1. Determine, yes or no, whether Gly268 is without any contact (Cβ under 8 Å) to a residue 24 or more places away in the chain, in the same structural domain as Ala39 (by TED's automatic domain parsing), outside any loop (DSSP other than H, G, I, E, B) and not charged (D, E, K, R).
2. Looking at region 148-170 only, could you name the residues that are in a loop (DSSP other than H, G, I, E, B) and within 17 Å of Leu101 (Cα to Cα)?
3. Please work out if Pro46 is surrounded by fewer than 18 Cβ atoms within 10 Å (Cβ to Cβ), touching a residue at least 24 places away in the same chain (Cβ under 8 Å) and over 30 Å from Ala201 (Cα atoms).
4. Given the conditions (1) without any contact (Cβ under 8 Å) to a residue 40 or more places away in the chain; (2) surrounded by fewer than 21 Cβ atoms within 10 Å (Cβ to Cβ), and given that Val154 satisfies all but one, which numbered condition is not satisfied?
5. Being among the polar types (S, T, N, Q) and more than 14 Å from the chain's Cα centre (by Cα): is that true of Ser67 here?
6. Got a sec? Which of Ala82, Ala22, Ala56 is within 25 Å of Leu274 (Cβ to Cβ), part of a helix (DSSP H, G or I) and not basic (Lys, Arg)?
7. Considering every residue within region 124-131, establish whether at least one is modelled with pLDDT of 95 or more and either under 25 Å from the mean Cα position of the chain (by Cα) or closer than 25 Å to Asp83 by Cα (or both).
8. Here are Thr336, Thr344: which of them is modelled with pLDDT of 95 or more and crowded, with 20+ Cβ neighbours inside 10 Å?
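The values are calculated or read from the model by the stated rules, or taken from the named source; none is laboratory data. Values in this document were obtained by computation on a predicted structure and should not be read as measured data. Cβ atoms come from the backbone with ideal geometry, glycine included; neighbour counts cover every protein chain shown.
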Amino acid sequence: MGRFVVVVLDSFGIGAMADVEAVRPQDIGANTCKHIIKAVPDLHLPNLAQLGLMNALGEEVGAMGYSADAVFGTADLMHMGADSFYGHQELMGTRPQQPLLQPFAEVIERVYAALSKAGYAVRYAGDKARILIVNDSVAVGDNLETDPGQVYNVSGCLDVVPFEDVVAIGQVVRSVVQVARVIALGGEAVSFEQLMEAHVAKLDGVHAGIDTPKSGLYARGYRVIHLGYGVDASVQIPNILGREGIEVSLIGKVGDIVDNRYGSIFPGVETAYLFIRLLDEVERIQHGFICLNIQETDLAGHAQHTQGYADCLRVCDAYIGELMERMKDDDILIVTADHGNDPTIGHSQHTREQVPVLAYRQGVRGIKLGHMPTLSDIGATVADYFSAEPPENGQSFLSKLKKLKSVSS
């Protein structure tokens, strides 16, 4: 009986991956962790330091040093780019497939035809950079908050169309396109006229969509489902464990983007609130898997707000210390990330970085887990811990945690 807890500090990368010069040159020199600590020199994160943050970073920076007791490693991203959705799918055991980068303009006629065939009333909106309007209540176009051509949004006014209908439209779109994500989303108290006032065409004359923050869809009754390319949720950790009757709890953004049909989901954004939910779940669940995503770090990165990022890390560190105190003998904690978002790099997008893999288990000390080729190694370790069917991707490192535990006991 035990609990396996994964805390994802969204975007807390530890240095650009080796391939960025070829695939993502805008991220050359990125190092979210190092640059935040340098920019906020009084930043001290004692619990993350104890877990081996500087060991994973590979150098001592600011007020933090190496930890002799650390059980740590690093991981590359197997998915291309630097994406929260695909980072979490990979972590849960998905073998990433290569999606296309395509502006919605390149597939708009194909999507129009598919929606019309499915019985929807569809029309174009805009001049050169067009979007689609479905049943005068849903807009389909480029996502304007991610890398261009990576994601399409299906945005609905939930006062006039049920969210289930927005999802159904999204599934039709998903069936005929190969971009990384189709996001079906909606909010209440937003009229179709207000939605269209947030219709934005980018200066490149190619990309166009709904500016979601401007539209007001986030403000009230917001709902969202992310439909990913090449994602089979049946072979991911939450559903593998759920089928075996093992409790699974997803807290924060991970609950929005990972399928957990048998378990519990606790949405939210505010960091302290989410950690309190995590601690509640640790007390409630005696045998199960709990995963928390902390999104405010990523939001601070997008805002290029170094101090805000550091402030959020301080809150995270304090709660991680409390979490460690509540861990029992058989429990395992992993603290990791899904990519980088270096607020000092000169752009406001995610950065393609390695991530730390920091492990805690009572009686286990001073182990180098090594460098992992994929975040899926974490998911595979979760499956191994519960003696469950492995996911489709990843290699377990559970044996490395067991070895020292048996020696020191």
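1. Here the answer is no, as Gly268 does not meet what is asked.
2. Scanning region 148-170 gives Pro148, Gly149, Gln150.
3. Criteria met by Pro46.
4. Of (1) without any contact (Cβ under 8 Å) to a residue 40 or more places away in the chain; (2) surrounded by fewer than 21 Cβ atoms within 10 Å (Cβ to Cβ), only one is false for Val154: (2).
5. Taking the combined requirement at face value, the residue satisfies it.
6. Details: Ala82 fails: part of a helix (DSSP H, G or I); Ala22 fails: within 25 Å of Leu274 (Cβ to Cβ).
Exactly one of Ala82, Ala22, Ala56 is within 25 Å of Leu274 (Cβ to Cβ), part of a helix (DSSP H, G or I) and not basic (Lys, Arg), namely Ala56.
7. There is at least one residue in region 124-131 that is modelled with pLDDT of 95 or more and either under 25 Å from the mean Cα position of the chain (by Cα) or closer than 25 Å to Asp83 by Cα (or both).
8. Numbers: Thr344 fails: crowded, with 20+ Cβ neighbours inside 10 Å.
Checking each option against the conditions leaves just Thr336.
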